[in-house]
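**Student:** Provided herewith is a single structure, encoded as structure tokens, for subsequent inquiry.
The values are calculated or read from the model by the stated rules, or taken from the named source; none is laboratory data. Please read these numbers as outputs of a predicted model, since none were measured by experiment. Heads up, the Cβs are rebuilt from the backbone with ideal geometry, glycines too, and the neighbour counts pull from every protein chain shown. For the accessible areas, the whole protein counts, side chains as well, though only heavy atoms, and no ligand, DNA or RNA atoms are used. Shrake-Rupley method; radii C 1.70, N 1.55, O 1.52, S 1.80 Å.
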Amino acid sequence: MTDSTQRPLAVVTGASSGIGYELAKQFALHDFDLLIAAEDDGIEQAAQGLRRDGRTQVEAVRTDLATFDGVEALWRAIGETGRAVDAVAINAGRGAGGAFAHDTDLRDELNIIDVNVTSTVHLAKRVLPAMVRRGRGRVLFTSSIASTMPGSYQAVYNASKSFVQSFAQAVRDELKDTGVTVTALMPGPTDTNFFARADMEDTKVGAGPKDDPAQVAEQGFEALMRGDDHVVAGSFKNKVQAVAGKALPDTTKAGMHRKMAEPGSAS
């Protein structure tokens with residue numbers, strides 16, 4: 001990727017499929033060049049799909065963002081473009097279902113924290129200073145409607161998204177009047193491979209209706225471009241849930257989440 005183009009550059013993580021890939025498509029449709037990253041080899045196929053318009057320059061980086069070295073490898077790749085980052089969608093994330101005390105694996109849950117929390121802070125710390133120096137830039141953090149409630153049978157995932165939501169709002173406030181905006185994207189259940197990877201296909205939420213990731217990404221992109229502080233994307237049900245999340249006590253919300261996420265609840 002060279003700096004010969006006048007098109008802005010967007011970086012998207014977790015872009016091999018799902019919401020991340022659809023976010024990358026939104027940037028491409030709106031005349032951004034792309035640097036996309038993910039840990040799996042699907043990132044190369046995603047890049048090929050994004051190049052089909054013949055206009056968008058796309059660089060794919062396969063790297064494990066659950067590791068310090070993986071985030072640093074992405075940061076080096078960004079630097080090697082020789083271009084400023086105009087927008088970044090810090091989207092990579094994963095979850096795992098099951099009872100914390102006896103169903104889930106510690107290393108798996110620590111990996112969730114590494115991907116959802118640690119890499120989010122790490123990449124933001126690398127990207128934001130240059131944006132502030134330039135006096136412009138846009139940052140999209142993929143949070144979740146899950147950030148609004150304790151996640152029975154998804155305890156670590158929901159807690160990680162609560163961190164992302166709080167972090168995004170705090171950094172946004174710090175950056176007001178700098179020309180850099182921060183937006184939190186809050187999807188509900190979305191039709192991606194999340195529930196299969198999280199071993200949650202036998203849960204009520206895993207087996208239930210889900211939103212179109214293309215719609216979620218479009219709403220997230222539009223909110224980012226407007227400079228909104230957050231957007232509850234997807235169905236009207238998600239918006240109702242977000243409002244309820246502000247009004248109901250945590251004990252009630254934890255019980256509601258149990259009904260959705262308890263293993264076997266789909267039957």
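**Student:** Would you tell me the accessible area of F236, worked out with a 1.4 angstrom probe on the heavy atoms of the protein chains, in Å² to the nearest 10?
**Tutor:** Approximately 150 Å² for this residue.
**Student:** Rounded to the nearest 10 Å², what accessible area does I145 show when all protein chains are kept and the probe is 1.4 Å?
**Tutor:** Here the residue's solvent-accessible area equals roughly 10 Å².
**Student:** Using a 1.4 angstrom probe on the protein heavy atoms only, could you order R136, R52 from most to least accessible area?
**Tutor:** R52, R136
**Student:** OK, next. How large is the accessible surface of H230 in square angstrom, using a 1.4 angstrom probe and rounding to the nearest 10?
**Tutor:** H230 has an accessible surface of roughly 70 Å² with all protein chains in place.
**Student:** Additional query: Can you give the accessible area per residue of the stretch 190-257, in Å², using a 1.4 Å probe? Spell out each step's value before the answer.
**Tutor:** On the way: 3630 Å² over 68 residues.
Counting only protein heavy atoms, the per-residue value for the stretch 190-257 is 53 Å².
**Student:** Further question: Which entries of K125/K253; K176/K210; K161/K246; K125/K210 have Cα-Cα distances beyond 27 Å here?
**Tutor:** Pairs exceeding 27 Å: K125/K253; K176/K210; K125/K210.
**Student:** Of all the accessible heavy-atom surface of the chain, with the other protein chains kept in place and a 1.4 Å probe, what percent is carbon and sulfur?
**Tutor:** 51 percent
**Student:** What are the ³J(HN,Hα) couplings of the stretch 44-50, residue after residue, when phi is run through the Karplus curve with 6.51, -1.76, 1.60 and θ = phi - 60°? Round to Hz, x for glycine and proline.
**Tutor:** My calculation for the stretch 44-50 gives 5, 5, 4, 4, 4, x, 6 Hz in order.
**Student:** Can I ask one more? From the phi of every residue in the stretch 157-171, what ³J(HN,Hα) in whole Hz does the Karplus formula 6.51 cos²θ - 1.76 cosθ + 1.60 yield, where θ is phi - 60° and glycine or proline is x?
**Tutor:** Using θ = phi - 60°, the values come out as 4, 4, 4, 5, 6, 4, 4, 4, 4, 5, 4, 4, 5, 5, 5 Hz.
**Student:** Taking the Cα centre of the chain as origin and charging only Cβ (+1 Lys, Arg; -1 Asp, Glu), how large is the dipole, in debye to the nearest 20?
**Tutor:** Dipole magnitude for the chain comes out near 780 debye.
**Student:** Keeping all protein chains in place, calculate the accessible area per residue for the stretch 1-140 (probe 1.4 angstrom), answer in Å².
**Tutor:** 46 Å²
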